[in-house]
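Colleague: Take this structure, written in structure tokens, and hold onto it; I'll ask about it next.
Nothing in this text is a laboratory measurement; each read-out follows from the coordinates by a stated rule. Computed from a predicted structure; not experimentally measured. Neighbour counts run over all protein chains shown; Cβ positions are idealised from the backbone, glycine included.
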């Protein structure tokens, strides 16, 4: 199967920029601090209404109508409701399985956060803190979450697979991205001792997780692991016969390509996609089925200014106050680089767009011009996303 | 202009069946009782998250992508925030104007509720109570709301018009529908004295409202009045030259046709649409531009059982527990009656579908099979709604 899917980001794992109103009246920048700044009753009310409205049955109908076959659902470590003050969300995932099966979609469950943080970013649940891997109890807790997920959904028709852990920050990335500068911690004491995760640790963790998941989940369902932003570091990993249906997940964003020197022109993006995204995936596809589990059309060129690697008003970067590109220019940029990226993912085993939906208001709030391209719904409706790209090759032939 | 639009129902005026989670943990059946069963903080949290998530910029992009040109936005009498314990929502309407103007849509502001009720239904804000017309202070209050809306948006490019009052229940309808049986009042004392509204009253109110709105709003914007479910009763109304750009709004639902004896077969629906919807609109179009401001594809045939005029589990009617029709059968029913209805509205000046979106879960909650056809998003995505029907005539040629 070639995966052609989309992430249901910000549904069960929050990112402030994707639904700012949930954070109204607080200074919280992440999901960890939100319940600590609201009364229990108000926190519950906000979370429950959000979960009941953000993603619903109708969204599964929409995704199916786009010809897609799968969704990747980020879930938090507190999904089972055993980590106060957070509220569990296993009921929502149960419902999603019923919708997926009714409308013919598969689900990749993606464990997206870990207690004390696995990457120090907002989407890891707590800004500036990356200490999970240093705490054996929490490492074990994370394994029990995976096991419980596997046990619960193991034979469901709607289950495509389980992803062990989203974007663990390896040492190289922890330094290169300057995670604590980009996502400053609120509590310095809590953040102290944060550091990148070693290859040795994550390899052992992935192997342990594989065993714990496979105890329950049959071998026809996939176990997915994230490359930690080092796509080519896994050639000697899990190559033994006993590992069945293991998928390598890589996340490739043009804003990160820009940080690595990609020129902010259509030609620059095409060159980078061809020489890095496509080439590396093609290479690694010899070892694992490779999916691009997160990517999007977003890029600085279409924003009309250099976003310095996708920084926003939330990071103190101002953003454009008026559109500087015409509709036609945006259409050309997005369709061209969209086709090229799809062609790259097609060298592997498919993709999940990030993300299905965001509530970010580019009209009534300033600084967000260009950020609508993170929203697949808007990309499809604007005609930017080449839904039927198939073999319209841009860069290879 | 032919209006081709959709209602943003349940955004600023709530209907429990369209977003049941907002009412969780209460016995409230309508917007009036909801804040009276929740703490102020929890009520605010639920309403604010709902308003920020239910309709957003991306929905305007979607509606535009369907080739539509307008939205009808139901607003409550407390929109300006001067009726405790309700929370105003003028900020949301302001934002909607910015979205509409950015994406090229027009807005019909529809004053959908009145204090003490103008029809006794849940969507009028309070079940079983219809006393507004008997209270001169509240009649005057309603006029001030219209005036403030006209004053605020009068010259906005995005303004199509203002509808004076949604679905006032005339005496005939009050009796025929048995509104208090269908929507039982909670407080019998409060409901006492409820009755249908006289023609005399509503005619005078409409004329007064016209003057108050026109004081501010230029004559190129429309003033819309609802027919009170008596489409042909308005031939001698506002025919004087001084009334400019007055539009007659009629709401035509097949579930109501069923109550009036329409057979629950495709042929039955087509016959009824031709002999009533189309014929009556064609006749009244001689007097006013006529829009069908609410309608949908919903019908008992596609549900697989007689809904007794669109009653649900909320009215104590059980509903189907499994699908009895195939996808192909549903497609045929919906596409056929959809085209016929569009042809009828096309004899007038266009339509607004009811509604853009509902959160009703037909998979995880029982009794709602068939109700997804009220959701234009799902109808488009399922391929039921004949978006490009144009001149594919079913019933005339």
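Colleague: Hey, got the average number of other protein chain Cβ atoms within 10 angstrom for residues in A:97-109? Intermediate values should be presented prior to the final figure.
Modeller: Details: counts 2, 3, 4, 1, 1, 4, 3, 0, 0, 0, 0, 0, 0.
That average works out to 1.
Colleague: I've got another one for you. Among the DSSP beta bridges whose two residues both lie in chain B, what percent are antiparallel, rounded to the nearest 5?
Modeller: Details: 0 of 30 bridges.
Antiparallel bridges make up about 0 percent of those DSSP assigns within chain B.
Colleague: Place the label 7 angstrom along Cα→C-beta at residue A:331 and in each other copy, then list the distances from the first to the rest in nm, shortest first.
Modeller: Its label point is 2.9 nm from the equivalent points in the other copies.
Colleague: OK, next. Based on a Kirkwood Rh over C-alpha pairs, give the Stokes-Einstein translational diffusion coefficient of region A:104-152 at 37 °C and viscosity 0.692 mPa s in µm²/s.
Modeller: After rounding, the answer is 281 µm²/s.
Colleague: What order do you get for A:255, B:68 when you list them from fewest to most C-beta neighbours inside 10 Å?
Modeller: A:255, B:68
Colleague: Hey, another quick one. Treat the count of other C-beta atoms within 10 Å as a stand-in for reagent exposure and order B:60, B:80 from fewest to most.
Modeller: B:80, B:60
Colleague: Now a separate question. Taking only the Cα atoms of the protein assembly as shown, how large is their convex hull per residue, in Å³?
Modeller: 156
Colleague: Say a label goes 7 Å from Cα toward Cβ at residue A:245 in every copy; what distances in nm does this one have to the rest, shortest first?
Modeller: With the label placed 7 Å along Cα→Cβ, residue A:245 yields 6.2 nm.
Colleague: Let me ask another. Evaluate peptide B:60-66: per residue, the Cβ atoms of other protein chains within 10 Å of its Cβ; return the mean as an integer.
Modeller: Mean shielding by partner chains, rounded to a whole number: 4.
Colleague: Quickly rank A:318-326, B:190-198 as a protection proxy: mean count of other C-beta atoms within 10 Å, highest first.
Modeller: Top of the packing list down: B:190-198, A:318-326.
Colleague: If you don't mind, another one. Which distance in Å, rounded to a whole number, links the C-alpha centroids of region A:1-73 and region B:223-254?
Modeller: Value for the Cα centre distance between the two parts: 43 Å.
Colleague: Something else: Can you grab the distance from the C-alpha centre of region A:108-176 to the C-alpha centre of region A:332-376, Å, no decimals?
Modeller: Computed from Cα coordinates, the inter-centre distance equals 24 Å.
Colleague: Quote the Stokes-Einstein diffusion coefficient, in whole µm² s⁻¹, for region A:8-163, based on the Kirkwood radius over alpha carbon pairs, a temperature of 4 °C and a viscosity of 1.567 mPa s.
Modeller: On the way: Rh = 16.1 Å.
D = 80 µm²/s.
Colleague: Taking Cα pairs under 8 Å and at least six residues apart, what relative contact order does chain A come out at, in percent? Let's see the in-between values first.
Modeller: Values: 715 pairs, mean separation 65.1, N = 397.
It rounds to 16 percent for chain A.
Colleague: Rank the residues B:356, B:243, A:43 as a footprinting-exposure proxy: fewest other Cβ atoms within 10 Å of their Cβ go first. Walk me through the numbers on the way to the answer.
Modeller: On the way: B:356 25, B:243 17, A:43 20.
Going from sparsest to densest Cβ surroundings: B:243, A:43, B:356.
Colleague: When the Kirkwood radius is taken over all Cα pairs of region A:100-203, what Stokes-Einstein diffusion coefficient follows at 20 °C and 1.002 mPa s, in µm²/s?
Modeller: The estimated diffusion coefficient comes to 146 µm²/s.
Colleague: Shortest first and in nm with one decimal, please list how far the residue A:279 label point sits from its counterparts in the other copies (point 7 Å along Cα→Cβ).
Modeller: 7.5
Colleague: Using a 10 Å cut-off on Cβ to Cβ distances, tally the other chain neighbours for every residue of A:40-52 and report the average as a whole number.
Modeller: Details: counts 0, 5, 6, 1, 3, 14, 7, 2, 7, 14, 5, 2, 11.
Mean shielding by partner chains, rounded to a whole number: 6.
Colleague: With the Cα gyration tensor of region B:242-397 giving a ≥ b ≥ c as the square roots of its eigenvalues, does the rule (a/c under 1.5 for rounded; else a/b larger than b/c for prolate; else oblate) give rounded, prolate or oblate?
Modeller: In terms of gyration-tensor shape, prolate.
Colleague: Taking 8 Å as the Cα distance limit and 6 or more residues as the minimum spacing, I'd like the relative contact order of region B:143-301 as a percentage.
Modeller: 25
Colleague: Note down, for region A:3-391, the three equivalent ellipsoid semi-axes (square root of 5 times each alpha carbon gyration tensor eigenvalue), biggest first, whole angstrom.
Modeller: 28, 25, 22
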